[in-house]
Amino acid sequence: MTGLSVIVPWRDRPELADTLASNAAAFSAVGAEVIVVNCGGTRELLAGRLSAPEGGSLRWADISAPEFNKGRALNLGASLSDRRALFLLDADILIEPETMVQAESALDEESFVTIAEVIESRSAGLGKPPPSAVESVTHIVEFAGGTGEAHRIVTNRLHLGLGTRAGPGLTLVSRASFLAVGGMNSDLTGWGWDDLDLIARLQMSLGLRRREVGRVTHMSHGDEVRTLSGETRAASESRNFMQCLAVYSVGDLRGTYEADVVRASPGMRVSDL
């Protein structure tokens, strides 16, 4: 089993056409296949925005769902892959070939990879931010057990001198490791901490090392396109974090991959482009 699959969860995000076209060279640079998973979106809207990378392939799947659930979409996308590695990529991210190559090169059996720097499209071309005596700010959550073992999870890193932030939700992981921790946790709803939950479980359950490489551009947007159901981002993320903490505290470090596949696979429609 070789190569990698790029898994893109989607719901009614028209910019996907632009990101697929822009990212085609990056996907081709590593021979990646692309799997787009429609979770609660309009099938016809998606079909008109798909294009396969040159020399590569693209598959797309429809999940019958009343609303967007990123974790479930990623799990179902992973179930369609037979490649060695999975790159979990949002629909609004522009990535250069160099970053794809760096990420693939950094992945090994003892590690997983996340994107080091994300710059907002609205900031691109504005030049470097004003000089600051503080170069970067790193946010860390540490989980310590009764035996004294501690796991430090970097949740964000703001590079003030570069005007960038970390990209923990843009993760390259071996398919074996993803499955070993039960994939994503689709019990987390709304926005926030679902990506960090995967990182925490990869570190705490498998002892993998996190490597951060490369830079991407995020196509800037407001909260109106996020699945918040009336909550603020802070409230949604805090709720998901507390839900994760509750299951970690009883030793549950598994996602919902198996349950999602059993529940959703029979009604999933898969097409090749």
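The values are calculated or read from the model by the stated rules, or taken from the named source; none is laboratory data. Small disclaimer: the values here were computed from a predicted structure and weren't measured. Positions of Cβ are generated from backbone atoms using ideal geometry, with glycine treated the same way; all protein chains shown enter the neighbour counts.
Quick look at the numbers
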{"quantity": "Residues of the range 54-92 classified as among the aromatic types (Phe, Trp, Tyr), over 12 Å from the mean Cα position of the chain (by Cα) and under 24 Å from SER28 (Cα atoms), total", "calculated": "1"}
{"quantity": "Matching strands (runs of 3 or more DSSP E) fully within the range 134-220 where at least 1 residues are of a type outside the set (Phe, Trp, Tyr) and within 15 Å of the chain's Cα centre (by Cα)", "calculated": "150-159, 164-174, 209-218"}
{"quantity": "The range 182-212 - residue that is of a type in the set (S, T, N, Q) and within 16 Å of TYR248 (Cβ to Cβ) and, of those, surrounded by the fewest Cβ atoms within 10 Å (Cβ to Cβ)", "calculated": "SER205"}
{"quantity": "Every residue from the range 1-20 that is among the aliphatic types (A, V, I, L, M), surrounded by fewer than 19 Cβ atoms within 10 Å (Cβ to Cβ) and within 20 Å of SER121 (Cα to Cα)", "calculated": "ALA17"}
{"quantity": "Condition met for ALA246 (over 16 Å from ILE153 (Cβ atoms), in a helix (DSSP H, G or I) and at pLDDT 95 or above)", "calculated": "yes"}
{"quantity": "Set ASN69, ASN38, ASN23, ASN75: member being closer than 20 Å to ALA116 by Cα, buried (at least 22 other Cβ atoms within 10 Å of the Cβ) and of a type outside the set (Lys, Arg)", "calculated": "ASN23"}
{"quantity": "Flag if THR227 is among the β-branched types (Val, Ile, Thr), touching a Phe, Trp or Tyr at 6+ places or on another chain (Cβ under 7 Å) and at pLDDT below 95", "calculated": "yes"}
{"quantity": "ARG122 under 22 Å from the mean Cα position of the chain (by Cα), more than 23 Å from LEU74 (Cβ to Cβ) and surrounded by fewer than 18 Cβ atoms within 10 Å (Cβ to Cβ)", "calculated": "yes"}
{"quantity": "Residue among LEU245, LEU253 that alone is out of contact with any Ser or Thr (no Cβ under 6 Å at 6 or more places or on another chain) and either without any contact (Cβ under 8 Å) to a residue 12 or more places away in the chain or surrounded by 13 or more Cβ atoms within 10 Å (Cβ to Cβ) (or both)", "calculated": "LEU245"}
{"quantity": "Qualifying residues in the range 91-118 (those that are within 21 Å of TRP10 (Cα to Cα) and either basic (Lys, Arg) or touching a strand residue (DSSP E or B) at 6+ places or on another chain (Cβ under 7 Å) (or both)) - the one surrounded by the most Cβ atoms within 10 Å (Cβ to Cβ)", "calculated": "ILE115"}
{"quantity": "Test: residue in the range 102-117 that is under 26 Å from VAL213 (Cα atoms), without any contact (Cβ under 8 Å) to a residue 24 or more places away in the chain and either touching a Ser or Thr at 6+ places or on another chain (Cβ under 8 Å) or small (Gly, Ala, Ser) (or both)", "calculated": "yes"}
